[in-house]
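Worksheet for the structure shown next.
Bear in mind these aren't lab numbers, they're just calculated from the coordinates by the rules spelled out. Remember, predicted model here, so these are calculated numbers, not experimental data. Ideal geometry is used to build each Cβ from the backbone, glycine not excepted, and the neighbour counts take in all protein chains shown.
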Amino acid sequence: MNYLSTRGHPDRKRFCEILLEGLAPDGGLYLPETYPQIDAATLAKWRKLPYAELAFEILSLYIDDIPSADLKAICAKTYTAEVFGTDEIVPLRELEDGVYLEALSNGPTLAFKDMAMQLLGNLFEYELARRGAELNILGATSGDTGSAAEYAMRGKKGVRVFMTSPDGRMSPFQQAQMFSLQDANIHNIAITGVFDDCQDIVKAVSNDLAFKRKYRIGTVNSINWARLLAQVVYYFAGYFQATASNDQPVSFTVPSGNFGNVCAGHVARMMGLPIQTLVVATNENDVLDEFFRTGVYRVRAAVDTHETSSPSMDISKASNFERFVFDLVGRDAARLRQLFVDDLGLQGAFDLSADPAFKQAAGRFGFRSGRSTHADRLAMIRDTEKRFATLIDPHTADGLKAAREQLTPGVPMVVLETALPIKFAATVVEALGEEPARPKKFEGIEALPKRVVQLPADAEAVKAYIAEHCD
Ligand SMILES: *Cc1c(COP(=O)(O)O)cnc(C)c1O
């Protein structure tokens, strides 16, 4: 399998080449040249597989430069009941007739990002050892990515992590999770600004090719193809649990920010998994909902990015969205560049409302969307607790609200549970008046010593810090 850039760069790359890279050299995102097609016989075979073997089968369609036995071992080592809490890895729970929660948040940091990041940690260690190389991971997080990356990379040979986060904007639990890590290869950098400032810094540093090469900068942000690929697996696993046979369509609702999670659903659907609808759920930061309703994609300025009670979805532009739009415009790289480079560059927006491609978003590609507010989240958390004795986090609540608006009789609706309530305790307390249960291993972490530096929202300052801390 070869990978291309959404912006039309002529080079083609293989999996392990893009594994350690962020953006393509032309600023585009990597995608496979084609989506492998899954026939009915294969789907029937996969239905019976344990998660790690299913992951191996799917990954091996996209990865042909790691020997099979090694890839199989990496999957087996990653997706274990010890790390993810159950043999199913992503167990499905029915709330009411045909509405399910898929538990993706029982990994080390209690958010779905562990699903991909744990695999990435093992892939990085494998590939770096094979090359005899080192890598400095530069990341941006509004909370969940950073901790997932740090827990996946801590103590791994050949890897350092430099993780930027918006100063003071993560929940106390998230801050404690990250900043309490004392591993020498983990560096926390609190940036004076919002998440998008952090993301811009990562982009700026990655665009400085000389610096990037000299300091072997890599990324684990959601634009990383390997992460997206790892997430494709749980759409299959969720599908198999929600259905008795492979002719039954299923819909998924995905609490969305950078469009990474739901883009993996898009890939699963393009491979032939019978997904009827992919519902993109947003909070008050509704740039994606606006697009799917109107055809206008209008990125917000940092000052117009609301600080909400589902903070991991507080984005003003969705870094993976370009992947979907590339497919939407028929993989026309020139058109894609016009939208993402010219239109976004000049006007901060593009408008597909009059374009036949926009109709395909709902039609051919099955996308719908929904938006919720703080009051909706509180109501959804209360209702789910009251009627189903089930505690959900605010992001999953955004999902459940959007899902309820898109139900089709006879089509199971699977809502992806993207975090556990303890990560966002303040909102759960506001909704229910009581603290969510805390897993034993996280008791008292807020009181642990913190390892973090404060830097201004300035790529040069971050570069200087990295240079200083690379041996
Ligand atoms: C990262 C995250 C999201 C958003 O996922 P994207 O892949 O960025 O769309 C939603 N909920 C939680 C809890 C997250 O950590």
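Per-structure values
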read-out	value
Surrounding net charge for E417, when Lys and Arg each add one and Asp and Glu each subtract one, Cβ distance under 12 Å	-1
Inter-part distance where the stretch 170-235 and the stretch 400-422 are each reduced to a Cα centre, Å	28 Å
Calculated FRET efficiency for the pair K45/E446, C-beta based, R₀ 56 Å, to 0.05	0.75
Tail weight of P(r) past 19 Å, computed on alpha-carbon pairs of the stretch 247-366, percent	46 percent
Amide H within-cut-off set for T164, under 5 Å, with H built and near neighbours excluded	G139, A140, T141, I189
Stretchable slack from A349 to A129, in nm (0.36 nm times residue separation minus alpha-carbon distance)	74.9 nm
Ellipticity estimate at 222 nm from DSSP helix runs (n ≥ 4, -39,500 (n - 2.57)) divided over the chain, nearest 500	-12500 deg cm²/dmol
All lysines inside 20 Å of K48 as judged from Cα atoms, apart from same-chain residues fewer than 8 positions distant	K72, K77
Cα gyration tensor category, rounded, prolate or oblate, for the stretch 37-147 with a/c compared to 1.5	oblate
Contour minus Cα-Cα distance for D332 and D458 (0.36 nm per residue)	41.9 nm
Size of charge dipole - the chain - debye, nearest 20, with Cβ of Lys, Arg +1 and Asp, Glu -1, no other charges	760 debye
Rough spin-label spacing in nm, given labels placed 7 Å along Cα→Cβ, for Q37 and R298	4.0 nm
Net +/- balance of residues flanking V233 in space, Cβ distance below 11 Å, scoring K and R +1, D and E -1	-2
Fewest-first ranking of H9, H266, using other Cβ atoms within 10 Å as the exposure measure	H9, H266
Alpha-carbon centroids, the stretch 69-111 and the stretch 1-23: separation in whole Å	29 Å
Within straight-line cross-link reach of K440, aspartates and glutamates at Cα separation under 16 Å, skipping those fewer than 8 residues along the same chain	E82
Backbone N under 20 Å from the A204 label point (7 Å along Cα→Cβ), restricted to the stretch 438-471	453-470
Cα gyration tensor, the chain - rounded (a/c under 1.5), prolate or oblate	rounded
Given charges at Cβ of Lys, Arg, Asp, Glu: the stretch 315-361 dipole, positive-most of L344, F324, A334	F324
Spatially proximal lysines relative to K386 (Cα-Cα < 18 Å; intrachain offsets below 8 disregarded)	K401
Potential lengthening between A73 and R14 on full extension [0.36 nm per residue; Cα-Cα distance subtracted]	19.2 nm
Percent antiparallel among DSSP beta bridges (both partners in the chain, rounded to 5)	25 percent
Charge context of T192, other residues only, Cβ under 11 angstrom, K/R +1, D/E -1	-2
The stretch 102-172: C-alpha gyration tensor shape, a/c 1.5 cut-off, then a/b vs b/c	oblate
Fraction of antiparallel bridges per DSSP, the stretch 93-198 only, in percent to nearest 5	20 percent
Order of V254, V205, V452 - criterion: other Cβ atoms within 10 Å of each residue's Cβ, fewest first	V452, V205, V254
Calculated FRET value between K386 and T86, using beta carbons and R₀ = 35 Å, to 0.05	0.85
With at most 13 neighbouring Cβ atoms within 10 Å, loop GluC sites (Glu not before Pro) (DSSP) excluded, longest segment of the chain	34-306
Within the chain, longest stretch clear of exposed trypsin sites (Lys or Arg not before Pro) (DSSP loop, no more than 15 other Cβ within 10 Å)	158-330
³J(HN,Hα), Karplus 6.51/-1.76/1.60, whole Hz, each residue of the stretch 433-442, x for Gly, Pro	x, 9, 6, x, 4, 10, x, 3, 5, 9
